[in-house]
Amino acid sequence: MTYAPSERQQERIAFRRRQAIRSVLLAAGSTVVVGVLLTVAVTGSPGWPRVKRSFFDLDTATKYLPDVLEGFWLNVRLFVVCAPLALVLGLLIAILRTSRGPVAFPVRVLAGGYTYTFRGLPLIITIYLFAFGIPGLRLQGTPDVVVLGAAAIVVTYGAYLAEVFRAGIESVHPSQVAAARSLGLTRRQAMRHVVLPQAVRRVTPALLNDVVALQKDVGLISLAGSIDAIRAAQIGAAQSANFTPYVVAAVLFILLALPLIAITDRVTLNAVRAQNAGA
Amino acid sequence: MLLSCTDVRKVFGDHVVLDDLSLDVAEHEVVALIGASGSGKSTLLRCVNLLAEIDDGTIRLDGEEITDPRINADLVRRKIGLVFQSYNLFPHMTVLDNITLAPTRVHRRAADETRAQAMTWLERLGLADKARTYPDRLSGGQQQRVAIVRALVNSPRLLLLDEVTSALDPELVGEVLTMIRDLKSEGMTMVLATHEMGFAKQVADRVAFLHAGKVLEQGPPEQVLGDPTEPRTRQFLSRIIEAGRL
């Protein structure tokens, strides 16, 4: 005997379908209303023609796009180098902070001092200190300001990421360590094979969030004098007496961030689902 | 004696959990630890496995004092298996990886050899089709049997079982108990903390009743569970019988 929905069930299905159509129509309608209201509010404002001219000028945009784009390439390269380095540094510091034993005491203190200092220090000041302070020492082989600025970003974000990793390590239940140790694994093996894989999985959304923030903050390298997208836009704005180059840079940063933000949202959602699935 | 605990003392703050407790276990012997919650059963097992540090006394394994602080605890733990009440499988690893982690990483045995050994065990338990799945897809009884295999593949001299059936649904207790009974017939030396009096009676060579951190009474299961001499033991057993667990 094959299953056929009862009359009552068919009635329910039909009702739910009508409800679904109704909500789609309502959503579309309200979106149109909000959109129209926003457009009217912005373009109808008394200052709009001037704002349009100084922020959204198409000629200025096309004129300075190549310069800003060239600067932006520096931001992209900085991000690609800084993000992995900051993650590695953060993980290393987190492991050092959770290490045990008297020999590791100075290491723990140093690692702790590091995270406290660089989480408290504004990134702008760190960049100034690195980019202008270190060359001032007149040491042999001092690297370029771009490298020093990048180091400032890595060191600052390393401190934030270390705390995220540490939270993950400490969230793994002690019974997991007990199980690993009872099998004869050393402290280090238990950390590597049992604690870290679980810790990293748990904090991936938070890590990605910090990486998204890092992606924008590579723009602060312009403070060290390097010509990145923001500095190029600044130069363009000064030359043309128009703010449009900044908007061009803004659009580029948003476009770069979109894929990573989308991935972060998806990973976060999956993590929440996975956690609730067991319950 | 394979395991010899002498005057073992363990305190948590002001609370004395093990109070000069002494207990010997011979090779191939199965000893069941019974007693109320908080009587020190689990603590004793954790101390034997050096997961907890004792505050006085000595514990010897194969004649060697394992509570000597100069000894390498990792090497001692390799000879002792411990199975937990809440299984404690590693959730990020497949069943097979859970089992082969210690043999490959700790005992440095070849990966394909340990995998074959693990599969033999899983087939024996009818869990071969679960080898590639993650622990959260398994029932409690299946998880606990995997946890026992995980301890066994290290070929321990001694197996400690800490209330291994208390987190299981009643209908799943049987499959774990059958496995332990099989291990006994193969000559495995075991110390098991348990609330399953019926099982203790069947499988144990000796039952030790713990009360307030001491072994108050010990002997053959028929005697300790059937005709205890100590009033405290009688009191404990009558409560168990009231609860319908004996």
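Helix B:170-185 versus the longest principal axis of chain B: what angle, 0 to 90°, nearest 10, using Cα atoms? That works out to roughly 90 degrees. For the pair A:ARG119 and A:VAL81, a Förster radius of 22 Å applied to the C-beta separation gives a FRET efficiency near 0.50, rounded to the nearest 0.05.
Less than 5 angstrom separates the built amide H of B:LEU192 from those of B:VAL31, B:ALA32, B:LEU33, B:LEU161, all sequence-distant by 5 or more or on a different chain. Within the listed set A:THR244, A:THR156, A:THR39, the Gaussian network model of chain A (springs between alpha-carbon atoms below 10 Å) gives the highest mean-square fluctuation for A:THR39.
Return, ordered by residue number, the residues of the stretch B:2-44 whose backbone nitrogen is under 11 Å from a label point located 7 Å along Cα→Cβ of B:GLU53. It comes to no residues whatsoever. Taking each residue as 0.36 nm, the span from B:GLU242 to B:GLU64 lengthens on full extension beyond its C-alpha to C-alpha distance by 59.8 nm.
For chain A, the Kirkwood hydrodynamic radius comes to 23.4 Å, computed from all pairs of different C-alpha atoms. Extending 7 Å from the Cα toward the beta-carbon at both A:LEU139 and A:ARG188 defines two label points whose distance is 2.8 nm.
Calculated on the alpha-carbon coordinates, the convex hull of the stretch B:3-242 measures out at 130 cubic angstrom per residue.
Take each residue in A:173-180, count the other chain C-beta atoms within 10 Å of its C-beta, and the mean is 5. Working note: 222 nm ellipticity from helices only, DSSP H runs with n ≥ 4, each -39,500 (n - 2.57), summed and divided by the residues of the protein assembly as shown, gives -19000 deg cm²/dmol to the nearest 500.
Inter-chain Cβ neighbour count for A:191-204, averaged per residue, equals 2 (cutoff 10 Å, partner chain atoms only). For B:GLU222 and A:SER175, the FRET efficiency from 1/(1 + (r/R0)^6), where r spans their Cβ atoms and R0 equals 35 Å, is about 0.45. For the listed peptides A:22-30, A:47-55, A:141-149, a ranking on the average number of other beta carbons within 10 Å per residue, highest first, reads A:141-149, A:47-55, A:22-30. Helix B:95-105 and the long axis of chain B differ in direction by around 80°, with both axes built from C-alpha atoms.
I need the Kirkwood Rh of the stretch A:125-262: take the reciprocal of the average 1/r across all distinct C-alpha pairs and report it in angstrom. Mean inverse Cα-Cα distance, inverted, gives 18.1 Å. Going from the residue with the fewest nearby Cβ atoms within 10 Å to the one with the most, A:TYR114, A:TYR128 rank A:TYR128, A:TYR114.
Pairwise inverse Cα distances across the protein assembly as shown, averaged and inverted, put the Kirkwood hydrodynamic radius at 28.8 Å.
Values in this text are rule-based calculations from the coordinates and carry no lab data. Just so it is clear, the structure is predicted and the values come from calculations on it, not from any experiment. Every residue, glycine among them, receives a Cβ derived from its backbone with ideal geometry; neighbour counts consider all protein chains shown.
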